[in-house]
Amino acid sequence: MEDNQNSAPGNVPATKLGGARKGIEPGLNASKRLQTELMQLMTSPAPGVSAFPSADGNLLAWRATIEGPDDTPYAGLTFKLSFEFPSNYPYAPPTVLFRTPIYHPNVDFSGRICLDILKDKWTAAYNIQTVLLSLQSLLGEPNNASPLNGEAAELWDKDPALFKTKVMDRHKDIEEDE
Amino acid sequence: MPPPNTPEEGVPAAVSSPPARARRSARNASISSVAATIGSETQGICVGSVGDLSSRTRPCVLPINYQELRYESEVDKSLECPICRTPFSVPITTKPCGHTFCSVCLLRAHQMRPVCPIDRRPLDIDRDFCKARVIHDQLDRLRVKCPSQGCDYVCPRELLAVHYERYCEGTPVPCPDNSCDLWIARHDATPDKGCLHKYTPCQYCSKQVMKAALEEHYDRECSGNTVKCAECDVDVVQHRMESHVVNDCPSTVVSCKWSSYGCGKKAPRRDIWAHEKKPCVYQAIGRLVKDREEDRLIISELRARLSTVEGRLRMSEKEKTERKERKRRQASSNVDNTENTIPAFVPDLNLSNSPRAAASYNNGTWDSPEDYMLAQFERMETQMEDLRKNIHELDGLHSMRLLNDTMRLNEQIAELGSKVGVIGMHTTWLMNVQRQSRGQQRAVGGVGSPLGAFASSSGGSGATSGATAGGVSDTLRNAPDNEGGRYYSSNMPPRRNSDGRGENPPRL
């Protein structure tokens, strides 16, 4: 029966007795799951990451922040991200973008991320918190074998000092613009 | 059944080739059949038809969405599905890695990618799943609230389906109007009310509203719904005005709450409130009467309780006396038993012990009358057994004794018989001697003593006995003719003397 609701998300609220649930929500299951995740994030937050639905009340779009891990070029920096959830979440991965410009081998200049768990390695057991923690560890351990930013991948090994400067430059530059 | 999953099915649907898509749809069919079989086992009466939603048959009630249930208390995190993050509905476990999910969640995730969502181990839909029975039992015990609107029933989860589908008045059922495919609460689903899903204009704000939702619209949404009460100057929802006037409005004329005890005052409610607060004359009486009525109720209740308690007491006393009686009888019969038993034939120890042990239990309490009766019965049986044994032994004893006594008697009889025989022979011998001596007397001429004759004939008596036989009869016949009778009597005393024990037995 849940299957039915998933495949035709708009049906159930409409078929319920009129009243409380009049507005047709996209992806009832996704919303339900996201509500649960929100509760979990509020009650037991993980250190260094946070997330909250965007202000317009749409549960399918979230804003999140990651603190750069210590002992990495990103230490002390905070990065903002956006999450867009499909209506069949968690069976399909959310679209995650870095809002804050970041100099990183696996992130391109428009903020798109190359991370397997956000693509083909996604499973329904992942959630916002685990994705954020994965991204946080990606900052310290980039996958230089398949870079989106080739220059960053090269500098990561060859010239950490220059890499650090580039990180700081890029981060500061854009944050001032915002 | 479709072939096992191939690696290419992991790629997104957009790029999958037509054959792969066809294969996937075949697999989806098998997945839904698995889900239906798993689901129908646990989720109540109507679920069988729910599984076949694709065939467009309508279930008799709106199926329960187990992921939307609200639980009475917080549910343990270990009972939550990692996919939907709600307590499992129909949990299944992966066989190779042992992870548990709602069957629906896992099958749906499996459709996207045929791997375990936790560790990405490849899973085969036909082989790699099994039911999680222990978890299922735990889930069954969770206390859950009924999902129907306006129903606050709470029960263990396994019983929810029965309440929801059979008894709950708020359960959404198909609209009685066949042309309408919406749901309506069971208490509103009557043919005379008709379809409540037709839109009607709201009488206050001219918005189009479903009939079923009209009340809620008035209470919450309608812009022009409130109106000032003409009497009391309070904002009231318009269609609630009637109940406001009857139950709340301070300007409505009502009678004093002690009116049933005689107070005849009628006034607007606000005055009545004041009147009731300032002690109404009837208030004191009213309270008394009320108290008395309550007391009467309590008394009758107590009386009923007392009578049941008394009955129970009587029963238990009766039981007690019966038990005592039985015990006494038991004890006395035990004593009899021990007295009667012959020490040489003490029956089996176990058997003789058990009645006594049972008797001692009699002092204690029995779990139930059945137990008591059983124990009694057992005791009786062992006693019976003892008695039977004793009887057997006595029987044997008797026959032994009889045998012993009769043997002695038989011996005595035999002895007597032999003695009689000896006496008979003695008599014959004596008769012979007499006859011989008489024959000699006849031959000698009547002179000579019988003793002399005896001595002379003793040596050759064997030779003469046969020859004298005919002679004896002759002499006996002739004796009365002669002085034989006289002679016989005169000779008897000496012969008798010779018959003493000291004499030699005759030779035969």
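Descriptive notes on the structure:
- Cβ-Cβ distance of B:VAL309 and A:THR36, R₀ of 51 Å, FRET efficiency by 1/(1 + (r/R0)^6): the value works out to about 0.40.
- Among the listed pairs A:LYS121/A:LYS158; B:LYS257/B:LYS290; A:LYS119/A:LYS166, those with a Cα-Cα distance over 20 Å are A:LYS121/A:LYS158; A:LYS119/A:LYS166.
- Each peptide in B:188-195, B:203-210 was scored by the mean count of other Cβ atoms within 10 Å over its residues; highest first, the order is B:203-210, B:188-195.
- Full extension of the segment from B:VAL246 to B:LEU430, taken as 0.36 nm per residue of separation minus the current Cα-Cα distance, would add 51.2 nm.
- Using 0.36 nm per residue and subtracting the Cα-Cα separation, the extra length available between B:LEU387 and B:GLU221 on full extension is 50.4 nm.
- Residue list for region B:144-159, given a label point 7 angstrom along the Cα-to-Cβ vector of B:GLU169 and an amide N cut-off under 16 Å: B:148-154
- Shielding score for A:118-129, defined as the mean number of other chain Cβ atoms within 10 Å: 5
- Take each residue in B:103-110, count the other chain C-beta atoms within 10 Å of its C-beta, and the mean is 5.
- For the peptides B:289-295, A:75-81, residues were scored by their other Cβ atoms within 10 Å and the scores averaged per peptide; the highest-first order is A:75-81, B:289-295.
- Within the assembled protein chains, the solvent-accessible surface assigned to B:GLU325 is about 70 Å², based on a 1.4 Å probe.
- Residue by residue along B:80-86, Cβ atoms of other protein chains within 10 Å of the local Cβ number 6 on average.
- Per residue accessible area in Å² of region A:24-178, where ligands, DNA and RNA are left out and the probe is 1.4 Å: 47
- Heavy-atom accessible surface that B and A bury in contact, both chains counted, 1.4 Å, Å² to 100: 3000
- Peptides B:233-240, B:109-116, B:90-97 ordered by packing proxy, namely the average of other Cβ atoms within 10 Å per residue, highest first: B:109-116, B:90-97, B:233-240.
- Over 23 Å (Cα to Cα) - which of B:LYS198/B:LYS228; A:LYS32/B:LYS211; A:LYS80/A:LYS164 fall in this group: B:LYS198/B:LYS228; A:LYS32/B:LYS211
The values are calculated or read from the model by the stated rules, or taken from the named source; none is laboratory data. Keep in mind it's a predicted model, so treat the numbers as computed, not measured. Glycine gets a Cβ as well: all are built from the backbone with ideal geometry, and neighbour counts include every protein chain shown. Areas reflect the complete protein model, heavy atoms only, side chains present, ligands, DNA and RNA absent. Shrake-Rupley method; radii C 1.70, N 1.55, O 1.52, S 1.80 Å.
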